[in-house]
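Q: Got a structure for you, questions after.
Bear in mind these aren't lab numbers, they're just calculated from the coordinates by the rules spelled out. This structure is a prediction, so every number in the text was calculated from the model and none was measured. Using ideal geometry, Cβ is built from the backbone for each residue, glycine included, and neighbour counts are taken over all protein chains shown.
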Amino acid sequence: MIILGLDPGLGTTGWGVIAVAGNRLTHIANGQVSTDPKASLAERLVVLDRELADVIARHDPQAAAVEEVFVNSNAQSTLKLGQARGVCLLAAARTGIPVAEYATRLVKKAVVGTGAAEKAQVQAMLKILLPGAKLAGADAADALAVAICHAHHARSLRLP
């Protein structure tokens, strides 16, 4: 099964694609979609949608997983993050593939073993779980972690 993981962000959205065969995880690709901060919100969302549609068309995943929004002290930033997350959900759902959502703490726990893991710990575990994978950046690493989380939870919950 091919899984697409997404780490939403208006400035940068990370994506990661893995293959799962039994207990074996294989890195396929990862990257980041960046939008121009000088562009309007609508234009940035269109860029995000177009780029994600291209990733989905190239890799043809059977499932997608999106990291849930965390609430921060800046309501405006949280709102923009939520809009980018909506585009991520739509881009995947539009193709008919099932889309799961995971909290950040659950993603970290699935990859590192603790929900309080630091980003450096997650990236270190990715090197072990996906040997040879060259990470396109921190957001791409987070997206691969979301995909791995789905691989672990889909099996136990019998999700696609």
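Q: Could you give each residue of region 98-112 its phi-based ³J(HN,Hα) in whole Hz, using Karplus coefficients 6.51, -1.76, 1.60 with θ = phi - 60°, and x for Gly or Pro?
A: With coefficients 6.51, -1.76 and 1.60, one gets x, 10, 10, 10, 9, 6, 4, 4, 5, 4, 4, 5, 5, 8, 9 Hz.
Q: Could you tell me which of the pairs 38/109; 38/108; 38/127; 80/108 are separated by over 28 angstrom between their Cα atoms in the structure shown?
A: 38/109; 38/108; 38/127
Q: What do you get for the angle between helix 119-129 and the principal long axis of the chain? Use alpha-carbon atoms, 0 to 90 degrees, nearest ten.
A: So the helix axis and the longest Cα principal axis differ by about 40 degrees.
Q: If you don't mind, another one. Rounded to the nearest 5, what is the percent of antiparallel bridges among the DSSP beta bridges in region 2-157?
A: Here the antiparallel bridges make up roughly 65 percent for region 2-157.
Q: Here is a further query. Give a residue-ordered list of calculated ³J(HN,Hα) values for region 40-54 (Karplus: 6.51 cos²θ - 1.76 cosθ + 1.60, θ = phi - 60°; whole Hz; x for Gly, Pro).
A: Those phi angles translate into 5, 4, 4, 5, 5, 5, 5, 4, 4, 4, 4, 5, 5, 4, 5 Hz.
Q: Ranking request for peptides 73-79, 34-40: highest mean number of other beta-carbon atoms within 10 Å first, then the rest in descending order.
A: Put in order of decreasing packing, that is 34-40, 73-79.
Q: Work out Dmax and Rg for the chain from the C-alpha atoms and quote the Rg first, both in angstrom.
A: Reported Rg and Dmax, both Å: 14.6, 45.
Q: Aspartates and glutamates within cross-link reach of residue 134: Cα-Cα under 14 Å, excluding same-chain residues under 8 positions apart?
A: Answer for residue 134, where 14 Å is the Cα cut-off: 142, listed by chain and number.
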